[in-house]
Amino acid sequence: MRIVILLLVAAATAFADPSPDQLAKDRADAAAKIYPQAVDRWKVGRATVENPCEWSIRWLDAGLAVPKANTKQALADHVQRMTDLETAAKDAANKGTVPTSDVAIVTYYRTEAQLWAARGHR
């Protein structure tokens, strides 16, 4: 009887819902995986440039929700992603593979990211 109870407790523990902290971490990890894929889809013309911008913001938001998140670093990382994307957009626009409006769009998101970083919050 004791073994059965222990097995039932172990089974219940194994199937327990993840903690809010674990869910926050899983969400941030998922956004971190999706962002480079969104950039790749934009580069081959399968998404608009706003798609990776939005995924960078989702990554930022998810990262800020993780317990003991380093807000300053999360904001700086978002600024860097937007700066890198802006450079890529400028290069692609110079080659004629994306419209120049893509550069303006990413410049908006990069400036917004810098503003959030300067304020210390989103």
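Values in this text are rule-based calculations from the coordinates and carry no lab data. Please read these numbers as outputs of a predicted model, since none were measured by experiment. All Cβ positions, even for glycine, are placed from backbone atoms using ideal geometry, and neighbour counts span all protein chains on display.
Computed values, structure above
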{"item": "Extension gain (nm, one decimal) between Gln73 and Phe15, 0.36 nm per residue minus Cα-Cα", "result": "17.5 nm"}
{"item": "Between 0 and 90°, nearest 10: helix 50-65 axis offset from the chain longest Cα axis", "result": "40 degrees"}
{"item": "Acute angle (nearest 10 degrees) that the helix 2-14 long axis makes with the longest principal axis of the chain, alpha-carbon atoms", "result": "10 degrees"}
{"item": "Square roots of five times the Cα gyration tensor eigenvalues for the chain, Å", "result": "40, 18, 8"}
{"item": "Whole-number percent relative contact order across the chain, with pairs defined as alpha carbons under 8 Å at least 6 apart", "result": "22 percent"}
{"item": "Under 22 Å from the Cα of Lys25 - lysines, other chains or at least 8 residues apart", "result": "Lys33, Lys68, Lys72"}
{"item": "Student exercise, the chain dipole from Lys, Arg, Asp, Glu Cβ charges, in Debye to nearest 20", "result": "140 debye"}
{"item": "Helix-derived mean residue ellipticity, 222 nm - over the chain, DSSP H n ≥ 4, -39500 (n - 2.57), to 500", "result": "-27500 deg cm²/dmol"}
{"item": "Principal-axis tilt of helix 100-119 within the chain, Cα atoms, nearest 10 degrees", "result": "60 degrees"}
